[in-house]
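Heads up, the thing below is written out as structure tokens.
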Amino acid sequence: MAAAVPGVSWARGAVAVLLLLLGCCGPELAGGLQDQAEQFFRSGHTNNWAVLVCTSRFWFNYRHVANTLSVYRSVKRLGIPDSHIVLMLADDMACNPRNPKPATVFSHKNMELNVYGDDVEVDYRSYEVTVENFLRVLTGRIPPSTPRSKRLLSDDRSNILIYMTGHGGNGFLKFQDSEEITNVELADAFEQMWQKRRYNELLFIIDTCQGASMYERFYSPNIMALASSQVGEDSLSHQPDLAIGVHLMDRYTFYVLEFLEEIHPASQTNMNDLFQVCPKSLCVSTPGHRTDLFQRDPQNVLITDFFGSVRKVEITTETVSLDREVAGFESKFPEEELATEPLKYAEQLPVAQIIHQKPKPKDWHPPGGFILGLWALIIMVFFKTYGIKHMKHVF
Amino acid sequence: GGMAAAALLLLLVAAGPGAGRAGSERERLDALREELLLSPLPTGDVAATFQFRTRWDADLQRGAVSHYRLFPKALGRLVAALGVRELHLALTQGFWRTRYWGQPPLQAPAGAELWVWFQPTVTDVDKAWKELSNILSGIFCASLNFIDSTNTVIPTASFKPLGLANGTDHHLLRYAVLPREVVCTENLTPWKKLLPCGSKAGLAVLLKAERLFHSSYHSQAVHIRPVCRDASCLAVSWELRQTLTVVFDFFSSGQGKKDWSLFKMFSRTLTDTCPLASQSKVYVDISPKNKEKELLEVSPPPTSVHEAIVQGDKKTYAVYDLLSPSLFNTSRSLNVQLKWKRPQDSSEMPIPTLHAQRYVGGYGLQTGEICTLIYNTHPYRAFPVILLETVPWYLRLYVHTLTIITKGKENKPSYIHYQPAQDRRRPHLLEMLIQLPANSVTKITIQFERALLKWTEYPPDPNHGFYVGSSVLSALVPSVTAMKDMDVEQSPLFTSLFPSSDGSSYFVRLYTEPLLVNLPTPDFSMPYNVICLTCTVVAVCYGSFYNLLTRTFHVEEPSRGGLAKRLANVIRKFRGVPLL
């Protein structure tokens, strides 16, 4: 009893001290938990989409396809699945007859990095990349027969990344050398998306000449825009490869790709670092950005908010048993009726049947009697008018 | 109530173990067979044909089938929902040179080709066809949504069903070809994803895009058709065949040497089998030419040798059965190597019995002529051939200029079906059944006139030209050796593509070259030039006149001048100089 009493009192004392400690830092701990919970819900989006567009046709615009594919590659690597990416490539460079290495698109000279890869799904290709299709994808006003992979099925909790590259000018972007999209049209399309609640936040990146003119007219909230050059400046290409014979990438996207290669799905890099990518010394043009329409501070916006994919994981402790006993599952299979006589294959070249196939008579011929009667009438009228004595002259 | 409950309970109890057993039996209702055929071609190239066949002993049309195991769900639901009886889709890059390479096992035209037989229960076939092409364009990442009435035809004599058929009303058939379609890795990726093992195990590990597209001919196809379940043929099974044919070029892939191996072709070797496959074999064509002893040596030694009569000729194949345990005993990987025992004489090239070529004749941008040459090199047998030509509406064919000349004399076809085009709505369709005499060349010519399109109808690269799809030749070619009736399940897959009726001839479908035709193309910068010139003229001439006529002149008070002028005037007054 003497030994037990001090033990009990020690335990009681320890519990009291613990309670006191908890009492004083209780609110602190609770505050820390709340902070963590807030951080979890900071961005406000639940899914990510990407629309990547290359608008140039012809072999000498290889670099625009390489630009788009390198962004595609980064976005896939950081977690956005193919079903959430709408990739539009206006021409095929990988299997182009002028490509010395078929099924590859390189971004670095000496063929270091093949951005085409082995697992690529292009949704809009070749002649399908038009201004109309692009605007229909953005606004969702798509014909009902369009397959799912060609739709942008975003909702009001989606963060969308839109990347466009090609040839552009002050206020327009050229599509496939035959049509243009203006900055006003683009701004209106984004406004339609906002009014239909098709995005939570939108990041617009453009790599063309005078790219900053394309984001001048935006007026919808929650849009952040980056461009590779200001109005009046040209975006330059990076380096040619002598074996392939064309320029492989544009400077701005080249350095953006280098920057993105450092990002992994859990990195905490924010948008301010993306704004610093490619200073004038490397890019020759001055990259620009626009954040006045964006509600959050770019400091708090993670790169993975747009380039990566949100995966909210819920941990549960209850077990789910996958039982093989699914009685009645296959018994719903309807019993088949067997044919009474054996079925047979069709003859591939039934010559006799083909020759005797009569085409359906489509045109209408007047019956022979009608024509005879008509001519008889004409002849009677003639001879009544001019008299029977002319008959010997006719015959 | 109680009786019903008891009966129900009894039923469930009886069905429980029964369903369990039936469930396990039902699980084995589908089977996968995969096969690779390597055939060296007379020019030194090598052709590799992959075939993956999934056969499902279920009736997709009836009942709500919801449990898909090996048969891909995307295609199964398509067949059930749209009432498809047969579907054949092929995406091809390149052209099979029949003259130099021999008859192909299964040829497809350049670009995308889709032909479908619908069930008689489908009421609106055109609507189902449009929906089908849209859905397939999403599955295969191809621009099949461009298939519409301007490139769809309804053949009346060609393209009879390859599967079980009750009757052949040709109004249930639709055929379309898109010759401009490009085939690249983005088409291969979803095709590989339809395979049960994907590209991770079995023969599909060899399918790497970088090697497959560096070839002279690459064709991947999907064929769905109903087949007989067994020899009695009282029940229907559905068969899905995915075929991929690739021809590796002697100079670019082979580096000028005629020795081939799996590693040289695919930069990979076979390491294991697909666990879901019931059969996995590699066949190598080692048939001796000119009845001599074998020229070709294969290593490692094959598991067996198989002889078959393929396309009317007796052929010998070395077989590697990947499921046999002895194959992977010595090494973990299988690299089949083909070596020639003695150098091949180039004059020994065999000429195929039937081959054709097509070209455009004429000059200028107004008229032209399509010429097709069909060769029958059989020494004494004549046989009929069906020629199907689909010409787009902007090449206006003149049917009265159609001439068919064989051996200097006119050859009248036994059956002609011609459907003229309607501008912007329907293409031309010309189907003819022509008898080819033995050892002859038949020349078919038809003249056309080129139309001028509206300026919005030109594609973004109009100076590339416009494509005319390949014409299709279907023929029953007489066999050299009579073919016996064989069991479909036991024989290799490449012998059971076309159902054969009798052994004296075999069915072959050949495609000619696609044509590239230039249409008169306007200068698209002209509207801009005209606007600039007109605006300049209007601004300069009319503008000057307008100014002269409407400008009024009035006297202007001279201004007092600014501060600087007043100060300067003050200084000038002092100097005595005239003021400003």
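The values are calculated or read from the model by the stated rules, or taken from the named source; none is laboratory data. This is a predicted model, so every value here is computed, not measured. Positions of Cβ are generated from backbone atoms using ideal geometry, with glycine treated the same way; all protein chains shown enter the neighbour counts. Protein only, heavy atoms only, side chains kept; ligands, DNA and RNA dropped before computing areas. Shrake-Rupley method; radii C 1.70, N 1.55, O 1.52, S 1.80 Å.
Go through A:Pro298, A:Pro334 for me and flag whichever is modelled with pLDDT of 85 or more and open to solvent by less than 70 Å² (accessible area, probe 1.4 Å). I'd like the intermediate steps shown before the answer.
Details: A:Pro334 fails: modelled with pLDDT of 85 or more.
Unique residue meeting the criteria: A:Pro298.
For (1) in a strand (DSSP E or B); (2) at pLDDT 90 or above, each residue gets a yes or a no:
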position: B:Ala64; (1), (2): no, no
position: B:His67; (1), (2): no, no
position: B:Phe71; (1), (2): no, yes
position: B:Leu75; (1), (2): no, yes
position: B:Val79; (1), (2): no, yes
position: B:Trp96; (1), (2): no, yes
position: B:Glu113; (1), (2): yes, yes
position: B:Val116; (1), (2): yes, yes
position: B:Val122; (1), (2): no, yes
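Taking segment B:203-226 on its own, how many of its residues are buried (at least 20 other Cβ atoms within 10 Å of the Cβ) and within 10 Å of chain A (Cβ to nearest Cβ)?
Residues flagged as buried (at least 20 other Cβ atoms within 10 Å of the Cβ) and within 10 Å of chain A (Cβ to nearest Cβ) within segment B:203-226 amount to 9.
The rows are residues; the columns are (1) over 25 Å from B:Arg97 (Cβ atoms); (2) touching a residue at least 40 places away in the same chain (Cβ under 8 Å); (3) open to solvent by 70 Å² or more (accessible area, probe 1.4 Å); (4) in a strand (DSSP E or B).
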{"residue": "B:Thr245", "(1), (2), (3), (4)": "no, yes, no, yes"}
{"residue": "B:Ser252", "(1), (2), (3), (4)": "no, no, no, no"}
{"residue": "B:Lys257", "(1), (2), (3), (4)": "no, no, yes, no"}
{"residue": "B:Met265", "(1), (2), (3), (4)": "no, yes, no, no"}
{"residue": "B:Arg268", "(1), (2), (3), (4)": "yes, yes, yes, no"}
{"residue": "B:Cys274", "(1), (2), (3), (4)": "yes, yes, no, no"}
{"residue": "B:Lys281", "(1), (2), (3), (4)": "yes, yes, no, yes"}
{"residue": "B:Glu297", "(1), (2), (3), (4)": "yes, yes, yes, yes"}
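How many residues are open to solvent by 60 Å² or more (accessible area, probe 1.4 Å) and part of a strand (DSSP E or B) when one looks only at segment B:301-325?
4
If I ask for residues that are of a type in the set (S, T, N, Q) and in a loop (DSSP other than H, G, I, E, B), which ones from segment B:466-486 would you list? Outline the logic, then answer.
Pass one, segment B:466-486, residues of a type in the set (S, T, N, Q): B:470-471, B:474, B:479, B:481.
Within segment B:466-486, B:Ser470, B:Ser471, B:Ser479, B:Thr481 meet the criteria.
Out of all the residues in segment B:418-427, is one or more of a type in the set (Ser, Thr, Tyr), touching a Leu at 6+ places or on another chain (Cβ under 6 Å) and either open to solvent by 20 Å² or more (accessible area, probe 1.4 Å) or closer than 30 Å to A:Glu128 by Cβ (or both)? I'd like the intermediate steps shown before the answer.
As a first pass, look at segment B:418-427 and keep what is of a type in the set (Ser, Thr, Tyr): B:418.
With the extra rule that they be touching a Leu at 6+ places or on another chain (Cβ under 6 Å), the set shrinks to B:418.
In the following step, the residues that additionally are either open to solvent by 20 Å² or more (accessible area, probe 1.4 Å) or closer than 30 Å to A:Glu128 by Cβ (or both) were identified as B:418.
Checked segment B:418-427: at least one residue is of a type in the set (Ser, Thr, Tyr), touching a Leu at 6+ places or on another chain (Cβ under 6 Å) and either open to solvent by 20 Å² or more (accessible area, probe 1.4 Å) or closer than 30 Å to A:Glu128 by Cβ (or both).
Tell me, please, whether a residue that is farther than 20 Å from B:Arg174 by Cβ, in contact with a helix residue (DSSP H, G or I) (Cβ under 8 Å, 6 or more places away or on another chain) and surrounded by 15 or more Cβ atoms within 10 Å (Cβ to Cβ) can be found in segment B:388-405. Working first, answer last.
Step one: list which residues in segment B:388-405 are farther than 20 Å from B:Arg174 by Cβ, which gives B:394-405.
Then keep just the ones that are in contact with a helix residue (DSSP H, G or I) (Cβ under 8 Å, 6 or more places away or on another chain); that gives none.
So far as segment B:388-405 goes, no, none of its residues is farther than 20 Å from B:Arg174 by Cβ, in contact with a helix residue (DSSP H, G or I) (Cβ under 8 Å, 6 or more places away or on another chain) and surrounded by 15 or more Cβ atoms within 10 Å (Cβ to Cβ).
For segment B:182-202, which residues satisfy the criterion of being within 8 Å of chain A (Cβ to nearest Cβ) and in contact with a strand residue (DSSP E or B) (Cβ under 7 Å, 6 or more places away or on another chain)?
Let us first name the residues in segment B:182-202 that are within 8 Å of chain A (Cβ to nearest Cβ), namely B:182-186, B:189-190.
Matches in segment B:182-202: B:Val183 only.
Return yes when B:Ser158 is assigned to a loop (DSSP other than H, G, I, E, B), at the interface with chain A (Cβ under 10 Å from one of its Cβ atoms) and more than 29 Å from B:Thr98 (Cβ to Cβ) and no when it is not. Give the derivation first.
Details: assigned to a loop (DSSP other than H, G, I, E, B): yes; at the interface with chain A (Cβ under 10 Å from one of its Cβ atoms): yes; more than 29 Å from B:Thr98 (Cβ to Cβ): no.
When the stated conditions are applied, B:Ser158 does not pass them.
Right, B:Thr550: closer than 30 Å to B:Phe466 by Cβ and modelled with pLDDT of 90 or more or not?
Values: closer than 30 Å to B:Phe466 by Cβ: no; modelled with pLDDT of 90 or more: yes.
In short, no.
If we keep just the residues of segment B:434-465 that are among the polar types (S, T, N, Q) and not in a loop (DSSP other than H, G, I, E, B), which is surrounded by the fewest Cβ atoms within 10 Å (Cβ to Cβ)?
We begin by selecting, within segment B:434-465, every residue among the polar types (S, T, N, Q); these are B:435, B:439-440, B:442, B:445, B:447, B:456, B:463.
This time we only want the ones that are not in a loop (DSSP other than H, G, I, E, B), so: B:435, B:440, B:442, B:445, B:447, B:463.
Working: B:Gln435: 16, B:Ser440: 15, B:Thr442: 21, B:Thr445: 15, B:Gln447: 19, B:Asn463: 10.
Ranking the qualifying residues of segment B:434-465, first place goes to B:Asn463.
The rows are residues; the columns are (1) at pLDDT below 90; (2) out of contact with any helix residue (DSSP H, G or I) (no Cβ under 7 Å at 6 or more places or on another chain); (3) closer than 26 Å to B:Asp59 by Cα.
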{"residue": "B:Arg211", "(1), (2), (3)": "no, no, no"}
{"residue": "B:Ala221", "(1), (2), (3)": "no, yes, yes"}
{"residue": "B:Leu244", "(1), (2), (3)": "no, yes, no"}
{"residue": "B:Glu307", "(1), (2), (3)": "yes, yes, no"}
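Looking for something touching a strand residue (DSSP E or B) at 6+ places or on another chain (Cβ under 6 Å), touching a residue at least 60 places away in the same chain (Cβ under 8 Å) and within 11 Å of another protein chain (Cβ to nearest Cβ) - is there at least one such residue anywhere in segment A:136-155?
no
Among the residues of segment B:203-225, write down those that are touching a strand residue (DSSP E or B) at 6+ places or on another chain (Cβ under 6 Å) and assigned to a helix (DSSP H, G or I).
Just the residues of segment B:203-225 that are touching a strand residue (DSSP E or B) at 6+ places or on another chain (Cβ under 6 Å), to begin with: B:203, B:212, B:215-225.
Within segment B:203-225, B:Leu203, B:Leu212 qualify.
Could you check how many residues of segment B:118-139 are without any contact (Cβ under 8 Å) to a residue 24 or more places away in the chain and within 11 Å of chain A (Cβ to nearest Cβ)?
5
Among the residues of segment A:170-187, which ones are within 19 Å of A:Arg217 (Cβ to Cβ) and within 14 Å of chain B (Cβ to nearest Cβ)?
Filtering segment A:170-187 for residues within 19 Å of A:Arg217 (Cβ to Cβ) gives A:170-175, A:179-187.
Within segment A:170-187, A:Lys174, A:Phe175, A:Glu179, A:Glu180 qualify.
Say we look at segment B:506-521 and pick out the residues that are more than 17 Å from B:Ile374 (Cβ to Cβ) and touching a Leu at 6+ places or on another chain (Cβ under 8 Å); which of these is modelled with the lowest pLDDT?
Restricting to residues being more than 17 Å from B:Ile374 (Cβ to Cβ) and touching a Leu at 6+ places or on another chain (Cβ under 8 Å), the top hit is B:Tyr506.
Checking A:Glu128 against (1) facing another protein chain (nearest Cβ under 8 Å); (2) open to solvent by 10 Å² or more (accessible area, probe 1.4 Å): exactly one of these is not met. Which one?
(2)
Please enumerate the residues belonging to segment A:91-124 that are farther than 21 Å from A:Ile80 by Cα and either facing chain B (nearest Cβ under 7 Å) or among the basic types (Lys, Arg) (or both).
Within segment A:91-124, A:Asp92, A:Ala94, A:Cys95, A:Arg98, A:Lys101, A:Pro102, A:Ala103, A:Thr104, A:Lys109 qualify.
Exactly one of (1) modelled with pLDDT of 90 or more; (2) in contact with a strand residue (DSSP E or B) (Cβ under 9 Å, 6 or more places away or on another chain) is unmet by A:Gly44. Its number?
Going through (1) modelled with pLDDT of 90 or more; (2) in contact with a strand residue (DSSP E or B) (Cβ under 9 Å, 6 or more places away or on another chain) one by one, A:Gly44 breaks only (1).
Please specify each residue of segment B:132-155 satisfying the condition of being within 26 Å of A:His356 (Cβ to Cβ), assigned to a loop (DSSP other than H, G, I, E, B) and either open to solvent by less than 10 Å² (accessible area, probe 1.4 Å) or assigned by the TED database to the domain that holds B:His428 (or both).
B:Pro155
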